[in-house]
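Heads up, the thing below is written out as structure tokens.
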Amino acid sequence: MTGPDRRSDPGSGTHRTAIVTGGTRGIGLGIARALAAEGWQIVLSGVRPAADVTGVIEELTGLGTAAHYCASDIADAADRARLVAESIERFGGIDALVNNAGRAPAVRADILDAGEESFETLMRTNLQGPYFLTQQVARHMLERGRGTGIVFVTSVSAELASINRGDYCVSKAGLAMAARLFALRLAPQAIPVFEVRPGVIATDMTARVKDVYDQRIADGLVPEGRWGTPADVGRVVAALLRGDAPYATGSVIHVDGGLALGRL
């Protein structure tokens, strides 16, 4: 499913193309909207059928850009390869990658009771998938001699421990290290890599715990005193890929209203 055909000569620099994984809803859609508003051509990936995301594609193309949806599971190696191939075929090349797709545990369980199935599922989607997708995209950028940047969307759970979501915390902590590794590897080639750590963000993933976090926020959990929004994260990612943080590769940017700040 695509918007208007605006593919350009990959060497012309006329248009920039970004892959946003998990980009059809929640934080990913907030990022896609922010990038589309700045003229980026967008490739969205997700596990939903194309027919279910028609409205999202129409919204993004309505912002005056081109958008393409590739139904693909980043936990699957063949799907990752297809996502990269489709992006290159559709738009001539990939300028930026936003690793946003991720899963929450199906069931929250104390780490003394949690089983291996959930752990393995989260590792494949939240860590292994983006790690090897980044490897493929980075190789493409180096072969092309051009790359605007790579962003890993992790979570405050990369540093704040939740003993009933151990699998999720470990997957995000691993992803934070992946961001550091790729930042170090790609710095000599001037391809910046950033980690963005959202806090408590209002999405369908957090909807089931809304009442709990409404109360916790009211009790002072978040210094800014509100839920974050996908648009908050989108604006930060757009700024990074716009080049507003030069000489800052490897930086970790918290988008959490001060949640991770140490307090007495």
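The values are calculated or read from the model by the stated rules, or taken from the named source; none is laboratory data. Please read these numbers as outputs of a predicted model, since none were measured by experiment. Here the Cβ is made from the backbone with ideal geometry for all residues, glycine too, and neighbour counts use every protein chain on show. Ligands, DNA and RNA are excluded from the accessible area calculation, which covers all protein heavy atoms including side chains. Shrake-Rupley method; radii C 1.70, N 1.55, O 1.52, S 1.80 Å.
A few notes on this one:
- Matching residues, region 216-226, being of a type outside the set (A, V, I, L, M) and open to solvent by less than 80 Å² (accessible area, probe 1.4 Å): GLY220, PRO223, GLY225
- Residue in region 194-201 that is assigned to a loop (DSSP other than H, G, I, E, B) and of a type outside the set (Val, Ile, Thr) present: yes
- Filter pass, ASP204 being among the acidic types (Asp, Glu) and part of a loop (DSSP other than H, G, I, E, B): yes
- Considering residues of region 188-215 that are farther than 20 Å from GLY28 by Cβ and of a type in the set (Asp, Glu) only, the residue most open to solvent (accessible area, probe 1.4 Å): ASP211
- Test: residue in region 105-113 that is small (Gly, Ala, Ser), surrounded by fewer than 24 Cβ atoms within 10 Å (Cβ to Cβ) and closer than 25 Å to GLY30 by Cβ: yes
- Here GLU195 does not fit the description of being farther than 26 Å from ARG33 by Cα, touching a Lys or Arg at 6+ places or on another chain (Cβ under 9 Å) and among the charged types (D, E, K, R).
- Number of positions in region 86-135 that are within 18 Å of THR21 (Cα to Cα) and either of a type in the set (Val, Ile, Thr) or in contact with a strand residue (DSSP E or B) (Cβ under 9 Å, 6 or more places away or on another chain) (or both): 22
- Residue that is surrounded by the fewest Cβ atoms within 10 Å (Cβ to Cβ) [pool: residues in region 141-165 that are in a helix (DSSP H, G or I) and not small (Gly, Ala, Ser)]: GLU143
- In the set (1) touching a helix residue (DSSP H, G or I) at 6+ places or on another chain (Cβ under 7 Å); (2) open to solvent by less than 20 Å² (accessible area, probe 1.4 Å), the condition left unmet by TYR168 is number (2).
- Pairs meeting the criteria (first residue in region 30-45 and within 17 Å of ALA101 (Cβ to Cβ), second residue part of a loop (DSSP other than H, G, I, E, B) and of a type in the set (A, V, I, L, M), beta carbons under 7 Å, at least 6 apart or on different chains) are SER45/ILE74; SER45/ALA101.
- Within region 82-97, tally of residues that are open to solvent by 30 Å² or more (accessible area, probe 1.4 Å) and either under 21 Å from LEU240 (Cα atoms) or at pLDDT below 95 (or both): 0
- For region 243-253, a tally of residues being surrounded by 10 or more Cβ atoms within 10 Å (Cβ to Cβ) and more than 17 Å from MET177 (Cβ to Cβ) returns 4.
- Verdict on ALA260 being in a loop (DSSP other than H, G, I, E, B), open to solvent by 20 Å² or more (accessible area, probe 1.4 Å), within 20 Å of ASP95 (Cβ to Cβ) and in contact (Cβ under 8 Å) with a residue 40 or more places away in the chain: no
- Residue that is nearest to the chain's Cα centre (by Cα), among those in region 132-147 that are over 18 Å from PHE91 (Cβ atoms) and of a type in the set (S, T, N, Q): THR134
- Only residues that are under 12 Å from the mean Cα position of the chain (by Cα) and among the hydrophobic types (A, V, I, L, M, F, W, C) were counted in region 15-46, giving 8.
- Taken over region 48-81, the criterion of being surrounded by fewer than 19 Cβ atoms within 10 Å (Cβ to Cβ) and assigned to a loop (DSSP other than H, G, I, E, B) is satisfied by ARG48, PRO49, GLY62, LEU63, GLY64, ASP73, ASP76.
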